[in-house]
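The values are calculated or read from the model by the stated rules, or taken from the named source; none is laboratory data. Quick caveat, the model's predicted, so the values are computed rather than measured. With ideal geometry, Cβ positions are generated from the backbone for all residues, glycine too; neighbour counts draw on all protein chains shown. Areas reflect the complete protein model, heavy atoms only, side chains present, ligands, DNA and RNA absent. Shrake-Rupley method; radii C 1.70, N 1.55, O 1.52, S 1.80 Å.
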Amino acid sequence: MQCYVINGGRRLSGSINVQGSKNSALPILASTLLVKGQSVLHNVPVLSDTECTLKILRELGCVVKREGDTVIVNSENATGTEISEDLMREMRSSVVFLGAILGRHAKATITTPGGCEIGLRPIDLHLYAVRRLGVRVDEAHGKLCCTATKGLKGCKITFSFPSVGATENAILCSVTARGSTTVVNAAREPEITDLCEFLNSCGAKIRGAGESIITVEGVEQLHGGEHTVICDRIVASTLLSAGAVTGGSVELVNTNPFFLNSVLPVFEEMGCNVRVRCNNIFLKAPRRLNRVDKIITQPYPGFPTDSQAFFTTMAAVADGTSVIVENIFECRFKHVAELVRMGAKIRAEGKVAVVEGVERLYGTQVQGQDLRGGAALVIAGLCAEGITRVTDAGYIDRGYTDLCGDLCALNADARKEMQK
Ligand code: UD1
């Protein structure tokens, strides 16, 4: 395993491109199973999670080719209906294949994904959605055997919570079902809209993506298509936070400021000057950030849980006390104990963290324990005095194609090396 080594104290400055969205690429890649023909996808980031998704597609019988950021999938002969346990374990979000395999073959076998670093992550809402569409789910020995003996049939699916993954599975499973499906209390994340745009370009009939009610008119089959994955809004907020904690000035090019509507005002509240021009965002940070009154994570368009850890780091070095409430996942404050080891003053209990800003953090060895929490520690290292080592880089590399390279391009002193 590798670790990140950061020599803190340099002001970040410069301009950088934002990679394609992991959370868009994963369901879109899974959805190519529904396409009879060739799907050409651009801006697919090279990450351990996207590579695992390509392995699953190959296991299911697709022919997959990667040329840089472009992935070409031919699923003409994809006869597989089962994902092996190894691949299911490698990546929890492989559960999104459930809807895609069912949509293609009306039967699917997967392993129960289980919990992960940031919380329990049950899949009851995913199973509720596919059951509503006529699927019988048998659970035994850690396996879920799903079959729709009479085929998939359109229905009304009302979610008790707007789960991103369950909404994606409901869409994937209903695209080629008989009749029409309505998804009520659907997740509204930009990644859902991106998935629907790709599917519609292949002949699907989905309306309402990005809203709380989505309707899917089932079609016979989907034809091939070509699509460019949207930029990654979480990576965008990572790079902006890195600029902010160092008192720097950074410009993100080729991003979509609209996706960051709930995040940019918080940078401003913390004293940053944020300017948006077309697809570019420019942030200039003050010497010291201001406290933020309260950050509450919520489903989109609320403040994203995936950006919470970066703002905890920012609050840790801000002037005054900030309150952060994590409403989406149960175990998403693991970075807090590590920030405290670097000199931060944070008390976290249950959903709430109270962050009393300190003048300075100090470099030491800290452990990355999940993707965004790990990235938040790298950000902390950028403004800390001395050397910070963030271990277990594998977590971070699930979501960033080259975080070190991006930060160095912005004048940071950071590198990756083998962990001792
Ligand atoms: C997706 C994102 C993840 C992001 C999250 C919330 C991907 C690959 N991952 O994860 O980065 O942090 O959205 O924006 O797109 N829940 C249930 N039962 C279910 C499903 C979910 O109780 O059947 C709960 C979860 O445990 C969690 C909450 O709902 O507490 C949100 O989960 P969900 O929106 O499903 O997130 P993911 O799709 O797993």
By accessible area (1.4 Å), largest first, F311, F282 order as F282, F311
How many percent of DSSP beta bridges within the chain run antiparallel, rounded to 5?
-> 70
In square angstrom, rounded to the nearest 10, how much accessible surface does E85 have for a 1.4 Å probe?
-> 90
Picking from C404, C278, C231, which is most flexible by a Gaussian network model of the chain using Cα springs under 10 Å?
-> C278
Where the centroid of each part is defined by its Cα atoms, how far is the stretch 322-355 from the stretch 152-228 in Å?
-> 35
Work out from phi, with θ = phi - 60° and the Karplus expression 6.51 cos²θ - 1.76 cosθ + 1.60, the ³J(HN,Hα) of each residue of the stretch 375-385, listed in order in whole Hz, and give x for Gly and Pro.
-> 5, 5, 6, 4, 4, 4, x, 5, 9, 7, 7
Once phi is turned into θ = phi - 60°, what whole-Hz ³J(HN,Hα) does the Karplus curve with 6.51, -1.76 and 1.60 give for every residue of the stretch 287-303, x standing for Gly and Pro?
-> 4, 10, 6, 7, 5, 10, 4, 7, 10, 10, 6, 8, x, 4, x, x, 5
When all protein chains stay in place, what accessible area (Å², nearest 10, 1.4 Å probe) is found for K205?
-> 120
Using DSSP to define loop residues, name the trypsin sites (Lys or Arg not before Pro) in the stretch 148-177 whose beta-carbon has at most 13 other beta-carbon atoms within 10 Å.
-> K150
Low-density loop positions, GluC sites (Glu not before Pro), the stretch 233-337 - DSSP coil, at most 13 other Cβ in 10 Å | E330
If R0 = 30 Å, then I213 and A140, at their Cβ-Cβ distance, give a FRET efficiency to the nearest 0.05 of 0.25
Treating the angle as unsigned and between 0 and 90°, give the value, to the nearest 10°, between the Cα long axis of helix 190-201 and the longest Cα principal axis of the chain.
-> 30
Just reorder T112, T79 by solvent-accessible area, largest first, 1.4 Å probe, all chains present.
-> T79, T112
What residues have an amide H closer than 5 Å to that of I157, excluding those fewer than 5 places away on the same chain, when H is modeled at 1.01 Å from N in the peptide plane?
-> T182, V183, V184
State the percentage of accessible surface on the chain attributable to carbon and sulfur atoms; use a 1.4 Å probe and exclude ligands, DNA and RNA.
-> 47
Qualifying lysines (Cα of each under 29 Å from Cα of K351; at least 8 residues distant if same chain) = K22, K294, K334
Skip the ligands, DNA and RNA, and give the accessible area per residue of the stretch 187-284 with a 1.4 Å probe, whole Å².
-> 39
Amide hydrogen neighbours beyond the local backbone of I295, cut-off 5 Å, H modeled | V323, I324, V325
Per DSSP H run of at least 4 residues, take -39500 (n - 2.57); add these up for the chain, divide by its residues and hand me the 222 nm value, nearest 500 deg cm²/dmol.
-> -9000 deg cm²/dmol
What residues have an amide H closer than 5 Å to that of L144, excluding those fewer than 5 places away on the same chain, when H is modeled at 1.01 Å from N in the peptide plane?
-> I110, T111, T112
Where is the GNM fluctuation largest for the chain (alpha-carbon springs, 10 angstrom cutoff): Q38, Q308, Q19?
-> Q38
Using the Karplus equation 6.51 cos²θ - 1.76 cosθ + 1.60 (θ = phi - 60°), what ³J(HN,Hα) coupling, rounded to whole Hz, does each residue of the stretch 304-311 give in order, writing x for Gly and Pro?
-> x, 4, 5, 9, 4, 4, 5, 6
